[in-house]
Each structure stands twice: as structure tokens, then as C-alpha cells.
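First up is the structure itself, then whatever we jot down about it.
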Amino acid sequence: MRKSLLRMTLRQLQVFRAVCASQSYSRAAEEMALTQPAVSQQIRQLEEQLGQPLFEYVGRKLYLTEAAHSLLAASEDIFERLDNLDMSLSRLQGTLRGELKVGVVSSIQYLTPHLLAAFRERHPEVTFCMEVMRRSDAIRRLQDNRDDVTLMALVPEDRALEFFPFLDNPIIAVAHAAHPLAAQGGLSLKVLEEHVVLNRESGSGTRKACEEFLQNKRVHLQQTIQLGSGDSLVQGALAGLGIAMVTAHAAASHLRSGELVQLDFSELPLYRSWCAVHARGKRLSPVAEAFLGFLREERAQIRQIARRFEHRQTAAD
């Protein structure tokens, strides 16, 4: 190892990471409560120790050099190890402390805070950073190791991922109570070809699951309307726009109130599960390990949380 690298300080790396994140010396200075000359000096010292430039300007935009990308990856590993050390030391003292970064797909975004609250009752010094995203973005963040744990359904089979199901997530067909199919039983999926069906946006896991399912059943939708979220699909069904294929959790409150009806298709529900996912071989922090243990071991409590959440939705509506 170059002796000059041993002279790097954690403060220099913190400043460097701030510049990388903001792509601006001035914004990094503001974030770090430093002057811009102080930030420039820290970066200059790092460049002298590395013997290579870290940033270059093209026009007025700041870009990372190849050396900067290498240093950023190393610094992320260093700070992750320090975070894990802090968590391990706190656990030795009888408490669990640290931040859990959770990526969630939109279909479970409203339930997740209730799961986190139940976990935090056991570990009150744990904090959370939750990012809501589409399935395609969740897969990309898994590849980039951006989150500790990702909660999603329809886990891709072609990626090196570890996962386990922790909560049932059936997909059902719902429509307004006045819809022509609402009072009929034993429906064939082929009937969908004669009606307007509401779709999620491209990249949604629910949409992908439904498309693959209908394709396997040789059902070809003729009239579709694309809406932007699971909530939009539920609202579209309430408005009488068409039939929505949504998760049972998303529609539960409106089904109980009678505003929506679960259509009696003989081949539905489409059974899926929400899963806890992380990259295979990922070095999990103590907080991440504890959260995964909670999801794996407390299935009964998690089902109760989901039922309470649905009842709260009914009361709010």
C-alpha cells in the first residue's frame, strides 16, 4: 500500500463524498458547514496523496475521474464498516443502534411504516431511511447496493439475490358495485376481453405479474387504461372507469365499505407474496440482520399489523 494513502483522514473522505454527492464544491461546503476554500484544500490534499486528480470540469459541470470513482467505492466500504462497528458495539452494550435503509415498491409503501414502527418498539434507537420506487428502480438499486433491505413482490430470477416471503399479497379483480359483472359468479378470465381493464404503469411489479398471468391464460385485453399507481387503480375502479387488478390490501377498505366488489373470477386471486430481498453475499449490518430476523420470525404479528392497517384505512375513508 502507498504510504501516502495512510495519511488520508476520515474528514477528508467525508468532504470528498459530499462533493461527489452534490457535484459542487459550494454545495458541499454548505452541507459540511465549511468554507469553499476549506473544501478545496481537503480535496487538493487528497489528490496529492493519491497522485491523481479527482474531479474535472467540462463546461461548468463537475465530473468524477476514474480515480474518484475508485476512491468513492473504497470510502463507501470504509464508512459502511464503521457503521457496522458502531452497531456491533451498541449491541454488546445491550442495545441496537444505527440506520436501516429500506427500499420499497409502491404497492407496500403505506404498510411499511407500520412494520418499521413495530420493529422500533423492540429497538428504539434504530432510525430509518425509506425510499419508495417502482419495481424496475428497486432492481437497479439492488444491483448498485443502495439499500440494506428491499421489500418487493415478483423477485427477478435472473439476479444473484437472497430473499424470503414474509406476507401474502394476493391480486384480485375489483370493480364499482354497479359494474355489470359485479353480481355475476364463476366468471371466466376471457370476459376481461369485453371490458375496460385498468393497468399500472410500465415497470410495475403488479402489472408485470398480471400481464404474465393473462398471457399464460391466453387472455388478450382489448380495452385498457393506464394509471400511475395502485391507489390510482382503486380510485379508477371507484369512479367506474373499469376493472382493476390490484392487491387485496390496496382494495380492502373499499371492499368492506361496499363501494367496490371483488369480481368472482374462478382463476383469481393470483397469489403472490411480498418478499424481503438483498444482494447475495451482501455484508449485512447488525440492524439489517435484526430487521430480517423480525420479518422472518414474527409472521403472526406482521399479519396482525396488516389487518390493523386495513381497518385504519376503512376508518380514514
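Add +1 for every Lys or Arg and -1 for every Asp or Glu among the other residues with Cβ under 14 Å from the Cβ of Thr150, and state the total. Kindly include the intermediate steps, with their values, before the conclusion.
On the way: positive: Lys101, Arg134, Arg135, Arg140, Arg141, Arg146, Arg159, Arg280, Lys282; negative: Glu131, Asp137, Asp144, Asp147, Asp148, Glu162.
So the environment of Thr150 carries a net charge of +3.
Cα-based count: Lys pairs in the chain below 26 Å, eight or more positions apart or different chains?
5
Could you give the size of the charge dipole of the chain about its Cα centre, using +1 on the Cβ of each K and R and -1 on the Cβ of each D and E, expressed in debye and rounded to the nearest 20? Could you put the intermediate results ahead of the total?
Numbers: 38 positive and 37 negative charges, 99 e Å.
Once rounded to the nearest 20, the dipole reads 480 debye.
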Check: C-alpha center the range 26-70 vs C-alpha center the range 236-259, spacing in Å is 52 Å
The chain, Gaussian network, Cα under 10 Å: of Glu30, Glu121, Glu267, the residue fluctuating most is Glu30
So the angle from the long Cα axis of helix 112-122 to the longest Cα principal axis of the chain, reported in degrees to the nearest 10, equals 60 degrees
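Using the 2.2 N^0.38 Å rule of thumb for compact globular proteins, work out how the range 77-176 stacks up: its C-alpha Rg over that value, please.
1.25
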Per residue convex hull volume, Cα only, the range 117-219, in Å³ is 169 Å³
Here the net charge surrounding Thr35, from other residues whose Cβ is less than 15 Å away from its Cβ (Lys, Arg +1; Asp, Glu -1), is +1
Carbon plus sulfur, as percent of the 1.4 Å-probe accessible area of the range 234-317, comes to 47 percent
In degrees rounded to 10, the 0-90 angle between helix 299-316 Cα long axis and the longest Cα principal axis of the chain is 70 degrees
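What FRET efficiency comes out for the pair Gln45/Ile78, r = Cβ-Cβ distance, R0 = 25 Å, nearest 0.05?
Working: r = 17 Å, r/R0 = 0.68.
The value I calculate is 0.90.
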Over all directions, the range 201-317 yields a Cα convex hull whose mean projected area in nm² is 9.9 nm²
Mean-square fluctuation maximum in Gaussian network of the chain, Cα pairs under 10 Å, restricted to Arg11, Arg146, Arg97, hits Arg11
A correct Kirkwood calculation over the Cα atoms of the chain returns a hydrodynamic radius in Å of 22.6 Å
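Taking only the alpha-carbon atoms of the range 17-68, what semi-axes of the equivalent ellipsoid follow from 5 times the gyration tensor eigenvalues under a square root, in whole Å, largest first? Don't skip to the end; give the middle numbers.
Details: eigenvalues 57, 39, 15 Å².
Value: 17, 14, 9 Å, ordered largest first.
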With -39,500 (n - 2.57) per DSSP H segment of 4 or more residues and division by the full residue count of the chain, the 222 nm estimate, nearest 500 deg cm²/dmol, is -14500 deg cm²/dmol
Among beta bridges assigned by DSSP with both residues in the chain, the antiparallel ones amount in percent, to the nearest 5, to 55 percent
Scoring only Lys, Arg, Asp and Glu (+1, +1, -1, -1) among other residues with Cβ under 12 Å from the Cβ of Ser70 yields -3
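First compute the accessible area of the range 82-181 with a 1.4 Å probe, then give the percent of it belonging to carbon and sulfur atoms.
Values: 2410 of 4940 Å².
That fraction is 49 percent.
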Note to self: with every protein chain in place and a 1.4 Å probe, the chain gives an accessible area per residue in Å² of 53 Å²
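The values are calculated or read from the model by the stated rules, or taken from the named source; none is laboratory data. Here the structure is a predicted model, which is why all the values come from computation and not from measurement. In this analysis, Cβ positions are derived from the backbone assuming ideal geometry, glycine residues included, and neighbour counts consider all displayed protein chains. To get the accessible areas, we keep the full protein, side chains included, count just its heavy atoms, and leave off ligands, DNA and RNA. Shrake-Rupley method; radii C 1.70, N 1.55, O 1.52, S 1.80 Å.
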